[in-house]
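Enquirer: The structure's right below; bear with me while I get my questions together.
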Amino acid sequence: MADNWVDACAADAVDEEDVMGFSHGGQNYAIYRSPEDKFYATDGLCTHEQVELADGLVMGDIIECPMHNGRFNYKTGEAKGAPVCVNLKTYPTKVESGRVLINLG
Amino acid sequence: MPMKRDYSLVGPENAAAVSKGLANAQWYRCAVPRKQMKELMQRSDAAAIRDTILWVLLFILFAAGATYFWGTWICVPFFIGYGVLYGSSSDSRWHECGHGTAFKTRWLNDLVYKVACFMIMRDPEVWRWSHTRHHTDTIIVGRDPEIAVQRPPSLWKVALYFFGWPTAYVALKKLVIHSAGRLLPDEATWVPESEWPKVYRDARIFLAIHIAAVVAAIAFHSWLPVMFVGPLPLMYGAWLGVYFGLTQHIGLAEDVLDHRLCARTVYMNPIFRFLYLNMNYHVEHHMFPMVPYHALPKLHQAIKADTPTPCASTIEAYFGEILPALWRQRNDPGYTIRRPLPSSATPYAATSGPAVAVPAE
Ligand code: FES
(Lines give C-alpha, C1' and ligand atoms only; values in the text may rest on other atoms or scores of the structure.)
Protein backbone atom coordinates (compact mmCIF):
# COMPACT_ATOMS: atom_id res chain seq x y z
CA MET A 1 0.00 0.00 0.00
CA ALA A 2 1.41 3.40 -1.03
CA ASP A 3 1.71 6.00 1.69
CA ASN A 4 -0.88 8.75 1.65
CA TRP A 5 -1.19 9.90 5.23
CA VAL A 6 -4.04 12.30 5.76
CA ASP A 7 -4.74 14.37 8.87
CA ALA A 8 -8.15 13.20 10.12
CA CYS A 9 -8.78 14.87 13.48
CA ALA A 10 -7.36 15.79 16.86
CA ALA A 11 -6.79 12.68 18.97
CA ASP A 12 -8.76 14.14 21.84
CA ALA A 13 -11.74 14.87 19.57
CA VAL A 14 -12.71 11.19 19.77
CA ASP A 15 -13.79 9.82 23.14
CA GLU A 16 -12.56 6.46 24.30
CA GLU A 17 -14.76 3.64 22.96
CA ASP A 18 -16.34 5.97 20.42
CA VAL A 19 -16.33 6.87 16.77
CA MET A 20 -16.17 10.05 14.72
CA GLY A 21 -16.84 10.74 11.05
CA PHE A 22 -14.31 12.31 8.70
CA SER A 23 -14.60 13.24 5.01
CA HIS A 24 -11.79 13.53 2.49
CA GLY A 25 -11.90 13.74 -1.29
CA GLY A 26 -15.65 13.14 -1.32
CA GLN A 27 -15.30 9.92 0.69
CA ASN A 28 -16.54 9.23 4.22
CA TYR A 29 -14.36 7.56 6.81
CA ALA A 30 -14.88 6.60 10.44
CA ILE A 31 -12.17 7.05 13.09
CA TYR A 32 -12.44 4.85 16.19
CA ARG A 33 -10.78 5.11 19.56
CA SER A 34 -10.76 1.71 21.26
CA PRO A 35 -11.13 1.10 25.01
CA GLU A 36 -7.35 0.42 24.99
CA ASP A 37 -6.84 3.98 23.69
CA LYS A 38 -5.74 2.91 20.19
CA PHE A 39 -7.01 4.50 16.96
CA TYR A 40 -8.50 2.66 13.99
CA ALA A 41 -10.11 3.77 10.74
CA THR A 42 -12.58 2.25 8.32
CA ASP A 43 -14.78 3.37 5.47
CA GLY A 44 -17.45 5.63 6.90
CA LEU A 45 -20.53 4.01 5.39
CA CYS A 46 -22.09 0.71 6.35
CA THR A 47 -21.73 -1.93 3.63
CA HIS A 48 -25.42 -2.82 3.96
CA GLU A 49 -27.23 0.38 3.03
CA GLN A 50 -24.60 3.11 3.07
CA VAL A 51 -25.51 4.63 6.42
CA GLU A 52 -23.00 6.75 8.40
CA LEU A 53 -21.29 4.52 10.96
CA ALA A 54 -20.23 7.62 12.91
CA ASP A 55 -23.78 7.71 14.35
CA GLY A 56 -23.40 4.13 15.61
CA LEU A 57 -22.36 2.60 18.90
CA VAL A 58 -18.88 1.32 19.72
CA MET A 59 -18.78 -1.63 22.10
CA GLY A 60 -15.30 -3.07 22.67
CA ASP A 61 -14.06 -4.09 19.19
CA ILE A 62 -17.46 -3.68 17.58
CA ILE A 63 -19.13 -0.81 15.76
CA GLU A 64 -22.89 -1.26 15.51
CA CYS A 65 -24.61 0.49 12.62
CA PRO A 66 -27.35 2.93 13.66
CA MET A 67 -29.78 1.80 10.96
CA HIS A 68 -30.31 -1.96 11.36
CA ASN A 69 -27.81 -2.73 14.11
CA GLY A 70 -25.42 -4.55 11.77
CA ARG A 71 -22.08 -5.17 13.48
CA PHE A 72 -18.49 -4.97 12.29
CA ASN A 73 -15.19 -5.52 14.02
CA TYR A 74 -13.71 -2.10 13.31
CA LYS A 75 -10.16 -3.38 13.90
CA THR A 76 -10.36 -5.97 11.11
CA GLY A 77 -13.41 -4.73 9.19
CA GLU A 78 -15.06 -8.14 9.54
CA ALA A 79 -18.86 -8.15 9.15
CA LYS A 80 -20.29 -10.07 12.12
CA GLY A 81 -23.51 -11.33 10.58
CA ALA A 82 -26.89 -10.31 9.16
CA PRO A 83 -27.84 -7.79 8.00
CA VAL A 84 -24.24 -6.97 7.16
CA CYS A 85 -22.61 -9.51 4.87
CA VAL A 86 -19.76 -7.50 3.28
CA ASN A 87 -16.65 -6.55 5.27
CA LEU A 88 -15.63 -2.93 5.86
CA LYS A 89 -12.41 -1.58 4.40
CA THR A 90 -9.90 -0.63 7.09
CA TYR A 91 -7.03 1.88 6.97
CA PRO A 92 -3.80 2.16 8.98
CA THR A 93 -3.65 4.98 11.50
CA LYS A 94 -0.99 6.74 13.55
CA VAL A 95 -0.98 9.58 16.05
CA GLU A 96 1.51 12.41 15.64
CA SER A 97 1.62 15.58 17.72
CA GLY A 98 -1.87 14.92 19.05
CA ARG A 99 -3.37 14.44 15.57
CA VAL A 100 -4.80 11.20 14.13
CA LEU A 101 -3.51 10.42 10.64
CA ILE A 102 -4.94 7.74 8.38
CA ASN A 103 -3.21 6.17 5.42
CA LEU A 104 -5.55 6.24 2.45
CA GLY A 105 -2.91 4.61 0.24
CA MET B 1 -65.27 1.11 -5.61
CA PRO B 2 -62.23 2.87 -4.02
CA MET B 3 -58.90 2.46 -5.82
CA LYS B 4 -56.70 -0.22 -4.31
CA ARG B 5 -52.96 0.30 -4.38
CA ASP B 6 -50.63 -2.58 -5.16
CA TYR B 7 -48.74 -3.34 -1.95
CA SER B 8 -46.68 -6.13 -3.51
CA LEU B 9 -42.93 -5.72 -3.36
CA VAL B 10 -42.54 -7.05 -6.86
CA GLY B 11 -45.24 -4.89 -8.48
CA PRO B 12 -45.24 -1.44 -10.15
CA GLU B 13 -45.39 0.46 -6.81
CA ASN B 14 -41.89 -0.75 -6.06
CA ALA B 15 -40.41 0.95 -9.11
CA ALA B 16 -42.61 4.01 -8.48
CA ALA B 17 -41.27 4.36 -4.92
CA VAL B 18 -37.69 4.08 -6.18
CA SER B 19 -38.24 6.71 -8.88
CA LYS B 20 -39.85 9.09 -6.38
CA GLY B 21 -36.81 8.85 -4.13
CA LEU B 22 -38.75 7.09 -1.37
CA ALA B 23 -36.60 3.95 -1.26
CA ASN B 24 -33.59 3.84 1.03
CA ALA B 25 -34.03 7.57 1.59
CA GLN B 26 -32.90 10.10 4.18
CA TRP B 27 -35.46 10.41 7.00
CA TYR B 28 -36.11 13.23 9.39
CA ARG B 29 -34.46 12.75 12.77
CA CYS B 30 -34.98 14.82 15.91
CA ALA B 31 -31.78 16.41 17.13
CA VAL B 32 -30.22 14.58 20.09
CA PRO B 33 -26.67 15.50 21.20
CA ARG B 34 -24.20 12.68 20.51
CA LYS B 35 -23.24 12.37 24.20
CA GLN B 36 -26.87 11.88 25.22
CA MET B 37 -27.52 9.48 22.34
CA LYS B 38 -24.50 7.41 23.35
CA GLU B 39 -25.91 7.08 26.85
CA LEU B 40 -29.32 6.11 25.50
CA MET B 41 -27.82 3.48 23.19
CA GLN B 42 -25.89 1.73 25.97
CA ARG B 43 -26.73 -1.98 26.28
CA SER B 44 -27.37 -3.76 29.51
CA ASP B 45 -28.14 -7.37 30.31
CA ALA B 46 -29.75 -6.51 33.64
CA ALA B 47 -33.13 -5.24 32.44
CA ALA B 48 -33.56 -7.95 29.83
CA ILE B 49 -32.48 -10.78 32.15
CA ARG B 50 -34.89 -9.52 34.83
CA ASP B 51 -37.74 -9.28 32.31
CA THR B 52 -36.94 -12.65 30.76
CA ILE B 53 -36.82 -14.43 34.14
CA LEU B 54 -40.20 -12.93 34.97
CA TRP B 55 -41.48 -13.94 31.53
CA VAL B 56 -40.36 -17.58 31.98
CA LEU B 57 -41.75 -17.73 35.53
CA LEU B 58 -45.12 -16.49 34.26
CA PHE B 59 -45.09 -19.15 31.55
CA ILE B 60 -44.46 -21.84 34.17
CA LEU B 61 -47.14 -20.45 36.48
CA PHE B 62 -49.83 -20.27 33.80
CA ALA B 63 -48.89 -23.64 32.26
CA ALA B 64 -48.97 -25.30 35.69
CA GLY B 65 -52.36 -23.79 36.52
CA ALA B 66 -53.79 -24.69 33.13
CA THR B 67 -52.60 -28.28 33.48
CA TYR B 68 -53.76 -28.64 37.07
CA PHE B 69 -57.26 -27.32 36.35
CA TRP B 70 -57.51 -28.93 32.90
CA GLY B 71 -61.05 -30.24 32.40
CA THR B 72 -62.62 -27.55 34.57
CA TRP B 73 -63.58 -23.95 33.77
CA ILE B 74 -60.90 -22.73 36.15
CA CYS B 75 -58.26 -23.61 33.55
CA VAL B 76 -59.59 -20.86 31.23
CA PRO B 77 -57.93 -17.84 32.88
CA PHE B 78 -54.66 -19.75 33.02
CA PHE B 79 -54.85 -20.47 29.30
CA ILE B 80 -55.69 -16.82 28.66
CA GLY B 81 -52.53 -15.83 30.53
CA TYR B 82 -50.45 -18.51 28.82
CA GLY B 83 -51.84 -17.54 25.41
CA VAL B 84 -51.05 -13.85 25.89
CA LEU B 85 -47.47 -14.73 26.78
CA TYR B 86 -47.16 -17.18 23.89
CA GLY B 87 -49.01 -15.41 21.09
CA SER B 88 -48.63 -11.75 22.10
CA SER B 89 -45.56 -11.06 24.23
CA SER B 90 -43.44 -13.24 21.91
CA ASP B 91 -43.96 -10.56 19.25
CA SER B 92 -42.08 -7.92 21.20
CA ARG B 93 -39.33 -10.41 22.23
CA TRP B 94 -38.94 -11.36 18.57
CA HIS B 95 -38.77 -7.70 17.70
CA GLU B 96 -36.36 -6.44 20.32
CA CYS B 97 -33.99 -9.43 20.14
CA GLY B 98 -34.10 -9.22 16.34
CA HIS B 99 -32.67 -5.73 16.63
CA GLY B 100 -30.04 -7.16 18.96
CA THR B 101 -30.72 -4.47 21.54
CA ALA B 102 -32.55 -6.33 24.33
CA PHE B 103 -29.47 -7.95 25.89
CA LYS B 104 -25.89 -6.81 25.85
CA THR B 105 -24.78 -10.43 25.43
CA ARG B 106 -25.23 -11.46 21.83
CA TRP B 107 -26.05 -15.15 22.37
CA LEU B 108 -28.85 -14.24 24.81
CA ASN B 109 -30.44 -12.05 22.12
CA ASP B 110 -30.11 -14.85 19.60
CA LEU B 111 -31.52 -17.48 21.94
CA VAL B 112 -34.61 -15.48 22.95
CA TYR B 113 -35.02 -14.40 19.31
CA LYS B 114 -35.25 -18.00 18.07
CA VAL B 115 -37.61 -19.06 20.86
CA ALA B 116 -39.88 -16.06 20.21
CA CYS B 117 -39.77 -16.68 16.45
CA PHE B 118 -40.91 -20.25 17.03
CA MET B 119 -43.81 -19.12 19.20
CA ILE B 120 -45.01 -16.43 16.83
CA MET B 121 -44.33 -18.69 13.83
CA ARG B 122 -41.96 -16.37 12.01
CA ASP B 123 -38.97 -17.64 10.17
CA PRO B 124 -35.99 -16.07 11.99
CA GLU B 125 -34.06 -15.12 8.84
CA VAL B 126 -36.95 -14.07 6.59
CA TRP B 127 -38.36 -11.87 9.33
CA ARG B 128 -35.01 -10.43 10.25
CA TRP B 129 -34.67 -9.20 6.67
CA SER B 130 -38.29 -8.17 6.36
CA HIS B 131 -37.94 -6.03 9.46
CA THR B 132 -34.73 -4.54 8.13
CA ARG B 133 -36.69 -3.36 5.09
CA HIS B 134 -39.51 -2.12 7.34
CA HIS B 135 -36.98 0.16 9.02
CA THR B 136 -35.38 1.34 5.78
CA ASP B 137 -38.66 2.06 4.02
CA THR B 138 -41.25 2.42 6.77
CA ILE B 139 -44.80 2.34 5.31
CA ILE B 140 -43.53 3.03 1.79
CA VAL B 141 -45.97 1.21 -0.48
CA GLY B 142 -44.22 -1.33 -2.72
CA ARG B 143 -41.18 -1.39 -0.42
CA ASP B 144 -42.28 -2.19 3.14
CA PRO B 145 -43.28 -5.85 3.63
CA GLU B 146 -44.76 -5.14 7.08
CA ILE B 147 -47.68 -2.83 6.28
CA ALA B 148 -50.26 -4.46 8.55
CA VAL B 149 -53.42 -3.03 6.98
CA GLN B 150 -53.59 -2.15 3.31
CA ARG B 151 -55.97 0.49 1.98
CA PRO B 152 -58.86 0.36 1.50
CA PRO B 153 -58.95 -1.78 4.66
CA SER B 154 -60.95 -4.97 4.98
CA LEU B 155 -62.47 -4.75 8.45
CA TRP B 156 -63.09 -8.50 8.44
CA LYS B 157 -59.45 -9.17 7.81
CA VAL B 158 -58.47 -6.81 10.63
CA ALA B 159 -60.92 -8.55 12.97
CA LEU B 160 -59.52 -11.96 12.04
CA TYR B 161 -56.02 -10.84 13.04
CA PHE B 162 -57.23 -10.78 16.64
CA PHE B 163 -57.88 -14.51 16.41
CA GLY B 164 -54.51 -15.21 14.84
CA TRP B 165 -56.13 -17.17 12.03
CA PRO B 166 -54.62 -15.55 8.97
CA THR B 167 -51.29 -15.33 10.80
CA ALA B 168 -51.17 -19.02 11.75
CA TYR B 169 -52.49 -20.19 8.39
CA VAL B 170 -50.02 -18.15 6.35
CA ALA B 171 -47.19 -19.04 8.74
CA LEU B 172 -47.88 -22.78 8.45
CA LYS B 173 -48.00 -22.53 4.67
CA LYS B 174 -44.67 -20.69 4.60
CA LEU B 175 -43.14 -23.17 7.04
CA VAL B 176 -43.94 -26.01 4.65
CA ILE B 177 -42.67 -24.04 1.61
CA HIS B 178 -39.42 -23.09 3.36
CA SER B 179 -38.95 -26.64 4.68
CA ALA B 180 -39.20 -27.82 1.08
CA GLY B 181 -36.26 -25.56 0.21
CA ARG B 182 -38.11 -22.67 -1.42
CA LEU B 183 -38.79 -18.98 -0.75
CA LEU B 184 -41.76 -16.94 -1.95
CA PRO B 185 -40.96 -14.52 -4.81
CA ASP B 186 -41.28 -11.38 -2.68
CA GLU B 187 -39.19 -12.90 0.14
CA ALA B 188 -36.44 -13.53 -2.39
CA THR B 189 -36.29 -9.77 -3.04
CA TRP B 190 -35.26 -8.88 0.50
CA VAL B 191 -33.48 -11.99 1.82
CA PRO B 192 -29.94 -12.25 0.37
CA GLU B 193 -29.28 -15.57 -1.35
CA SER B 194 -26.45 -16.34 1.07
CA GLU B 195 -29.03 -16.57 3.88
CA TRP B 196 -31.48 -18.91 2.14
CA PRO B 197 -29.95 -22.15 3.53
CA LYS B 198 -30.51 -20.78 7.06
CA VAL B 199 -34.18 -20.21 6.22
CA TYR B 200 -34.60 -23.81 5.11
CA ARG B 201 -32.72 -25.17 8.15
CA ASP B 202 -34.76 -23.18 10.70
CA ALA B 203 -38.05 -24.05 8.98
CA ARG B 204 -37.23 -27.76 9.16
CA ILE B 205 -36.36 -27.54 12.86
CA PHE B 206 -39.53 -25.57 13.64
CA LEU B 207 -41.71 -27.92 11.59
CA ALA B 208 -40.21 -30.93 13.41
CA ILE B 209 -41.12 -29.40 16.79
CA HIS B 210 -44.69 -28.71 15.62
CA ILE B 211 -45.01 -32.29 14.40
CA ALA B 212 -43.56 -33.57 17.70
CA ALA B 213 -46.28 -31.69 19.64
CA VAL B 214 -49.00 -33.29 17.50
CA VAL B 215 -47.40 -36.74 17.90
CA ALA B 216 -47.25 -36.20 21.68
CA ALA B 217 -50.92 -35.21 21.73
CA ILE B 218 -51.86 -38.39 19.87
CA ALA B 219 -49.54 -40.58 21.92
CA PHE B 220 -50.80 -39.27 25.27
CA HIS B 221 -54.44 -38.96 24.13
CA SER B 222 -54.35 -35.37 25.38
CA TRP B 223 -54.92 -31.93 23.87
CA LEU B 224 -52.45 -30.39 26.27
CA PRO B 225 -49.28 -30.61 24.10
CA VAL B 226 -50.97 -28.75 21.23
CA MET B 227 -52.61 -26.30 23.63
CA PHE B 228 -49.12 -25.33 24.82
CA VAL B 229 -47.03 -25.58 21.63
CA GLY B 230 -47.80 -24.65 18.02
CA PRO B 231 -50.47 -22.72 16.12
CA LEU B 232 -53.20 -23.13 18.78
CA PRO B 233 -51.64 -21.02 21.55
CA LEU B 234 -50.64 -18.48 18.90
CA MET B 235 -54.27 -18.27 17.79
CA TYR B 236 -55.88 -18.06 21.22
CA GLY B 237 -53.18 -15.69 22.48
CA ALA B 238 -52.52 -13.32 19.59
CA TRP B 239 -55.28 -10.82 20.38
CA LEU B 240 -53.38 -8.59 22.78
CA GLY B 241 -50.31 -8.40 20.55
CA VAL B 242 -52.56 -7.39 17.65
CA TYR B 243 -54.25 -4.82 19.87
CA PHE B 244 -50.82 -3.34 20.62
CA GLY B 245 -49.42 -3.74 17.11
CA LEU B 246 -52.24 -1.99 15.27
CA THR B 247 -51.49 1.21 17.18
CA GLN B 248 -48.08 1.49 15.49
CA HIS B 249 -48.98 2.87 12.06
CA ILE B 250 -52.70 2.49 11.23
CA GLY B 251 -54.37 5.58 9.77
CA LEU B 252 -51.10 7.47 9.48
CA ALA B 253 -49.32 8.54 6.32
CA GLU B 254 -47.92 6.28 3.64
CA ASP B 255 -44.96 7.33 1.49
CA VAL B 256 -43.44 9.99 3.75
CA LEU B 257 -39.91 10.33 5.09
CA ASP B 258 -40.75 11.43 8.62
CA HIS B 259 -41.56 8.87 11.31
CA ARG B 260 -43.59 11.50 13.14
CA LEU B 261 -46.10 11.25 10.29
CA CYS B 262 -46.18 7.48 9.86
CA ALA B 263 -45.71 6.08 13.38
CA ARG B 264 -47.63 6.58 16.60
CA THR B 265 -46.53 6.71 20.22
CA VAL B 266 -49.17 5.66 22.76
CA TYR B 267 -48.83 5.76 26.52
CA MET B 268 -49.45 2.36 28.11
CA ASN B 269 -49.62 0.97 31.64
CA PRO B 270 -46.63 -0.94 33.11
CA ILE B 271 -48.18 -4.40 32.50
CA PHE B 272 -48.76 -3.61 28.84
CA ARG B 273 -45.27 -2.15 28.59
CA PHE B 274 -43.77 -5.32 30.10
CA LEU B 275 -45.64 -7.48 27.60
CA TYR B 276 -44.88 -5.12 24.73
CA LEU B 277 -41.33 -4.20 25.80
CA ASN B 278 -41.99 -0.47 25.47
CA MET B 279 -42.75 -0.68 21.74
CA ASN B 280 -45.55 1.78 22.43
CA TYR B 281 -42.79 4.41 22.04
CA HIS B 282 -42.96 3.71 18.37
CA VAL B 283 -41.95 7.02 16.83
CA GLU B 284 -38.89 6.94 19.08
CA HIS B 285 -38.05 3.35 18.14
CA HIS B 286 -38.27 4.00 14.40
CA MET B 287 -36.26 7.17 14.56
CA PHE B 288 -33.51 5.62 16.70
CA PRO B 289 -33.63 1.82 16.43
CA MET B 290 -30.29 1.53 18.30
CA VAL B 291 -31.89 2.55 21.58
CA PRO B 292 -32.81 -0.53 23.65
CA TYR B 293 -36.37 -0.96 24.85
CA HIS B 294 -35.53 -0.14 28.46
CA ALA B 295 -34.19 3.31 27.43
CA LEU B 296 -37.15 4.27 25.22
CA PRO B 297 -39.01 6.17 27.97
CA LYS B 298 -35.88 8.33 28.43
CA LEU B 299 -35.56 8.84 24.68
CA HIS B 300 -39.21 9.85 24.62
CA GLN B 301 -38.47 12.56 27.19
CA ALA B 302 -35.47 13.71 25.16
CA ILE B 303 -37.39 14.26 21.92
CA LYS B 304 -40.97 14.81 22.99
CA ALA B 305 -40.82 18.56 22.28
CA ASP B 306 -40.19 17.67 18.63
CA THR B 307 -42.75 14.86 18.23
CA PRO B 308 -46.56 14.74 18.18
CA THR B 309 -48.27 14.50 21.55
CA PRO B 310 -48.71 10.75 22.23
CA CYS B 311 -52.15 9.19 22.57
CA ALA B 312 -52.92 9.12 26.28
CA SER B 313 -54.01 5.45 26.18
CA THR B 314 -54.77 2.62 23.79
CA ILE B 315 -58.47 3.45 24.20
CA GLU B 316 -57.83 6.98 23.00
CA ALA B 317 -55.70 5.66 20.12
CA TYR B 318 -58.43 3.25 18.99
CA PHE B 319 -61.51 5.39 19.47
CA GLY B 320 -59.92 8.72 18.64
CA GLU B 321 -57.88 7.68 15.61
CA ILE B 322 -57.59 4.06 14.50
CA LEU B 323 -61.22 2.92 14.27
CA PRO B 324 -62.53 6.16 12.70
CA ALA B 325 -59.63 6.10 10.20
CA LEU B 326 -60.24 2.46 9.25
CA TRP B 327 -63.95 3.18 8.82
CA ARG B 328 -63.32 6.21 6.64
CA GLN B 329 -60.56 4.61 4.56
CA ARG B 330 -62.99 1.91 3.38
CA ASN B 331 -64.39 4.49 0.94
CA ASP B 332 -61.64 7.10 1.03
CA PRO B 333 -58.32 5.22 1.04
CA GLY B 334 -56.39 8.46 0.78
CA TYR B 335 -57.65 9.63 4.18
CA THR B 336 -54.67 10.11 6.50
CA ILE B 337 -54.34 11.30 10.08
CA ARG B 338 -51.88 14.12 10.52
CA ARG B 339 -51.07 14.31 14.23
CA PRO B 340 -50.49 17.86 15.53
CA LEU B 341 -47.00 18.82 16.63
CA PRO B 342 -46.23 20.92 19.71
CA SER B 343 -45.25 24.51 18.95
CA SER B 344 -41.64 23.70 19.92
CA ALA B 345 -41.28 21.12 17.13
CA THR B 346 -39.67 21.38 13.72
CA PRO B 347 -42.76 21.63 11.53
CA TYR B 348 -43.70 18.98 9.03
CA ALA B 349 -43.05 20.23 5.52
CA ALA B 350 -45.99 21.76 3.66
CA THR B 351 -47.28 18.50 2.23
CA SER B 352 -47.36 14.98 3.57
CA GLY B 353 -45.83 13.76 0.32
CA PRO B 354 -42.34 12.38 -0.03
CA ALA B 355 -39.22 14.02 1.32
CA VAL B 356 -41.30 16.46 3.32
CA ALA B 357 -39.16 17.10 6.35
CA VAL B 358 -35.84 18.79 6.69
CA PRO B 359 -33.36 16.62 8.62
CA ALA B 360 -32.16 18.17 11.86
CA GLU B 361 -28.58 19.34 12.07
S1 FES C 1 -27.39 0.12 6.98
FE2 FES C 1 -26.01 -0.68 8.39
S3 FES C 1 -26.94 -2.47 9.09
FE4 FES C 1 -28.27 -1.74 7.56
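Enquirer: Checking the conditions here, which among B:ALA302, B:ALA295, B:ALA325 is part of a helix (DSSP H, G or I) and closer than 17 Å to B:VAL158 by Cβ?
Expert: B:ALA325
Enquirer: Next question. Being within 15 Å of B:GLN42 (Cα to Cα) and free of Cβ contacts under 8 Å to residues at least 40 places away in the same chain is the filter; apply it to region A:46-60 and report the residue that is farthest from the ligand (Cβ to nearest atom).
Expert: A:LEU57
Enquirer: Tell me which strands (runs of 3 or more DSSP E) are completely within region A:21-105 and hold 2 or more residues being within 14 Å of chain B (Cβ to nearest Cβ), or say none if there are none.
Expert: A:27-33, A:57-59, A:62-64, A:71-73
Enquirer: Out of region B:183-204, which residues are farther than 12 Å from B:GLU125 by Cβ and either polar (S, T, N, Q) or modelled with pLDDT of 95 or more (or both)?
Expert: Across region B:183-204, the qualifying residues are B:THR189, B:ARG204.
Residues checked against (1) among the small types (Gly, Ala, Ser); (2) within 21 Å of B:HIS99 (Cα to Cα):
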residue: A:ALA2; (1), (2): yes, no
residue: A:VAL19; (1), (2): no, yes
residue: A:PHE22; (1), (2): no, no
residue: A:ILE31; (1), (2): no, no
residue: A:GLU49; (1), (2): no, yes
residue: A:GLY56; (1), (2): yes, yes
residue: A:PRO66; (1), (2): no, yes
residue: A:VAL95; (1), (2): no, no
residue: A:GLY98; (1), (2): yes, no
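Enquirer: To continue, here is another question. What do you reckon, is B:VAL158 away from the ligand (no atom under 16 Å from the Cβ), farther than 16 Å from B:ARG5 by Cα and within 14 Å of chain A (Cβ to nearest Cβ)?
Expert: no
Enquirer: Mind checking which residues of region B:114-126 are away from chain A (no Cβ under 11 Å) and either small (Gly, Ala, Ser) or within 16 Å of the ligand (Cβ to nearest atom) (or both)?
Expert: Matches in region B:114-126: B:ALA116 only.
Enquirer: Additional query: Could you grab me the full set of residues in region A:61-76 that are more than 7 Å from the ligand (Cβ to nearest atom) and crowded, with 18+ Cβ neighbours inside 10 Å?
Expert: A:ASP61, A:ILE63, A:GLU64, A:PRO66, A:ARG71, A:PHE72, A:ASN73, A:TYR74
Enquirer: Out of curiosity, is B:ALA17 within 14 Å of chain A (Cβ to nearest Cβ) and not basic (Lys, Arg)?
Expert: So B:ALA17 fails the test.
Enquirer: How many residues, within region B:58-111, are touching a helix residue (DSSP H, G or I) at 6+ places or on another chain (Cβ under 9 Å) and within 14 Å of another protein chain (Cβ to nearest Cβ)?
Expert: Result for region B:58-111: 13.
The values are calculated or read from the model by the stated rules, or taken from the named source; none is laboratory data. Since we're looking at a predicted model, the values are computed, not measured. Heads up, the Cβs are rebuilt from the backbone with ideal geometry, glycines too, and the neighbour counts pull from every protein chain shown.
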